[in-house]
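A.B. asks: Got a structure for you, questions after.
The values are calculated or read from the model by the stated rules, or taken from the named source; none is laboratory data. Bear in mind that the values here come from a model prediction, so they are computed numbers and not experimental data. Neighbour counts are summed over all protein chains in view; Cβ atoms, including those assigned to glycine, are modelled from backbone coordinates with ideal geometry. These accessible areas exclude ligands, DNA and RNA; they are computed on the full protein's heavy atoms, side chains included. Shrake-Rupley method; radii C 1.70, N 1.55, O 1.52, S 1.80 Å.
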Amino acid sequence: MTTRAQEVLQQTQQLADDWVRPEAERWQRERVMGLAGVHEAARLNLIGVQVPVEQGGLGLPFSVKSRMAAILAGADFGFALSLINTQGVASTLANWLPAAVSQRWLGDLLAGQRMGCTCLTEPGAGSDFGAIQMQATPHGTGWRLQGEKAWIINAQVAEVMVVYAQTQPGSGAKGIAAFVVDASRPGFHRTDRGRTETVASLGTGGFVLDGYEVPADELLHPPGMAFKRAMASINMARTYVAAMATAMVADSLRIARAYGEQRHTFGRALQEHQGWRWVLVDAMVDVEAAQLLIEQACAAADAQAPMDALAARAKIFATRMAVKHIAALLHALGAAGLSAQYPLSRHLAGAQVATLVDGSTEMLLERVWATQVGSAPQNTHTD
Ligand SMILES: Cc1cc2nc3c(=O)[nH]c(=O)nc-3n(C[C@H](O)[C@H](O)[C@H](O)COP(=O)(O)OP(=O)(O)OC[C@H]3O[C@@H](n4cnc5c(N)ncnc54)[C@H](O)[C@@H]3O)c2cc1C
C-alpha cells in the first residue's frame, strides 16, 4: 500500500473516532443523518477517493475505498454507507461523463455541498431490476422521465442522482438507461416512500419524477450499456458491504471482550466461563474467514479481473455471519447489550440492511450458481 493510501486510512480512522463514533447514538435517537461528518470527510478530500487526481480526487484503488468503508462502518454503518453513496456518484460522473458535463456537480459533491445517491429500486421492483417502471421517453434532443423511486440511501437530502429508467417498455434489462438527475430542477419531488428510521443515518427515502427533463448530454449510460455497467460496479459495492458487515462484527467483539473482563457472575469474570467465551471465538474465526474472502475480491477489483463470484461469496458469507454473530454478541452482554450505551443493536440493524442492499442474499446465491454451475437469470439484482 502506498504512503498516500496509508495517510488516507489514518485520516479515515480519525474521522470515525472524532466525528462518527461520538455522534452515532444521537443520530439514531434523533433520527438524523451525520452531515457534519460528511463535511469533515470533504475537508479531508475523502469523498474523491476514486475520482482521478486531475479531476480533484485522490485517484486511489478500490481496495482503499473498501478499507475506508470498513473503518467507518465499525463506528456507524449508516454514516459509512451514506458517505460511500456520495463517493460512488462522484466517481461515476468523473469516469463516464465528459469533464464539461461532470463539472456541473463534481465540485459540489467533492466539497460535501451536495450529496449523491444511486437509484434503481422502485415501490414495485427491487430484486427484479429488469422490471423497473420509471419511463424515459425521447424529448427534443434529450429525454423526459416519469416514475417513482423508493428505498434510496441519501434520498432525504441528496441533490445529484444517478437514476435508472426504462426506455423501451417490455424490453427488460436491454432497454434500461441511466441519467443524471438534479433535484433542484423542475419535475423532482421527494417522498417518504422507503424512508427507514431503523438506521436513520442512511437517510433513505424516495422521490417522484414528473416530466423531469434530461438534456442529451446528461445521459450517463445509454440503453444496452446501463445494465452491464450497473452490474460491473455492483460487484465493488458487494465487496465493500461485506467489509462493512465484517467490521461491525469486529467492533461488537471488541466491546464484548472488554465487557467479559469486567462483568462478574458466580464469582468469576464472564470470560472465565468457557461457554460464554466460545461465542466470541466463533465470531473471531468467522471474521478471519470473511476477511480472506474480502481480500480476494479486493485484489480482483484492483486488478480489474472478473469478480462476480468473489464479490457474491464475500457478501453472502460476511452479511450472514454478521447477523448471526452480532445478535449472539449482543446477547453475551445480557441486558446491557440492548442499551444505547453500546452500539450493538445499531450494528445488528446495519447487518440486516447489509443482507439486502446491492443484491439480497438470495440473488447472490443465484450469481454463485450462475458463475460456478451454469445459467441463472441475468436480470436480477440491484442498487
Ligand atoms: C435500508 C435500505 C437501503 C437501500 N438503498 C438502496 C439504494 O440506495 N438504491 C437502490 O436502488 N436500492 C436500495 N435499496 C433497495 C434494495 O436494493 C432492495 O431492498 C433489494 O434489492 C431487495 O428488493 P425488495 O426489497 O424489493 O425485495 P423483493 O425483490 O420484493 O424480494 C423480497 C424477498 O424475496 C427474495 N426474493 C426475491 N426474488 C427471489 C427469487 N427469485 N428467489 C428467491 N428469493 C427471492 C429477496 O431476496 C427478498 O428477501 C435499499 C434497501 C434498504 C432496506
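A.B. asks: Which pairs turn up if I take residues in region 300-323 that are at negative phi and look for partners that are open to solvent by 10 Å² or more (accessible area, probe 1.4 Å) and not in a helix (DSSP H, G or I) with beta carbon separation below 6 Å, at least 6 apart in sequence or on another chain?
C.D. replies: These pairs meet every condition: Ala300/Met307; Ala301/Met307; Asp302/Pro61; Thr319/Thr355.
A.B. asks: Still on this structure, please answer the following. Does any residue in region 342-364 that is in the same structural domain as Gly78 (by TED's automatic domain parsing) come within less than 9 Å, Cβ to Cβ, of a residue that is more than 6 Å from the ligand (Cβ to nearest atom) and at pLDDT 95 or above six or more places away or on a different chain, and which pairs are these?
C.D. replies: Listed pairs, sorted by first residue: none to list.
Results for (1) under 23 Å from Val357 (Cβ atoms); (2) open to solvent by less than 10 Å² (accessible area, probe 1.4 Å), shown as yes or no for each residue.
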{"residue": "Met134", "(1), (2)": "yes, yes"}
{"residue": "Trp151", "(1), (2)": "yes, no"}
{"residue": "Thr167", "(1), (2)": "no, no"}
{"residue": "Arg185", "(1), (2)": "no, no"}
{"residue": "His189", "(1), (2)": "no, no"}
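A.B. asks: Related question: Only one of (1) away from the ligand (no atom under 16 Å from the Cβ); (2) buried (at least 22 other Cβ atoms within 10 Å of the Cβ) is not met by Asn95, so which one is it?
C.D. replies: Going through the list (1) away from the ligand (no atom under 16 Å from the Cβ); (2) buried (at least 22 other Cβ atoms within 10 Å of the Cβ), Asn95 breaks only (2).
A.B. asks: Right, something else. List pairs: first residue in region 262-290 and open to solvent by 80 Å² or more (accessible area, probe 1.4 Å), second residue not polar (S, T, N, Q) anywhere in the structure, Cβ distance under 6 angstrom, at least six positions apart or on different chains.
C.D. replies: As it stands, the answer is Arg263/Leu270, since those pairs meet every condition given.
A.B. asks: What are the residues in region 1-34 that are open to solvent by 90 Å² or more (accessible area, probe 1.4 Å), farther than 16 Å from Leu72 by Cβ and in a helix (DSSP H, G or I), if any?
C.D. replies: Once the filter is applied, which keeps residues that are open to solvent by 90 Å² or more (accessible area, probe 1.4 Å), farther than 16 Å from Leu72 by Cβ and in a helix (DSSP H, G or I), region 1-34 yields Thr3, Arg4, Gln6, Arg29, Glu30.
A.B. asks: Also: What is the number of the single condition among (1) more than 13 Å from the ligand (Cβ to nearest atom); (2) of a type in the set (A, V, I, L, M); (3) surrounded by 24 or more Cβ atoms within 10 Å (Cβ to Cβ); (4) closer than 29 Å to Glu148 by Cα that Met68 does not meet?
C.D. replies: (4)
A.B. asks: Taking interchain pairs and intrachain pairs at least six residues apart, which have beta carbon atoms under 6 angstrom, with the first residue in region 1-22 and free of Cβ contacts under 8 Å to residues at least 40 places away in the same chain and the second open to solvent by less than 100 Å² (accessible area, probe 1.4 Å) and not β-branched (Val, Ile, Thr)?
C.D. replies: What qualifies is Gln11/Leu44; Trp19/Gly37; Trp19/Glu40.
A.B. asks: While we're looking at this one, here's another question. Going through Met248, Met244, Met236 one at a time, which residue ends up being modelled with pLDDT of 95 or more and touching a His at 6+ places or on another chain (Cβ under 6 Å)?
C.D. replies: Within the list Met248, Met244, Met236, the selection yields Met248.
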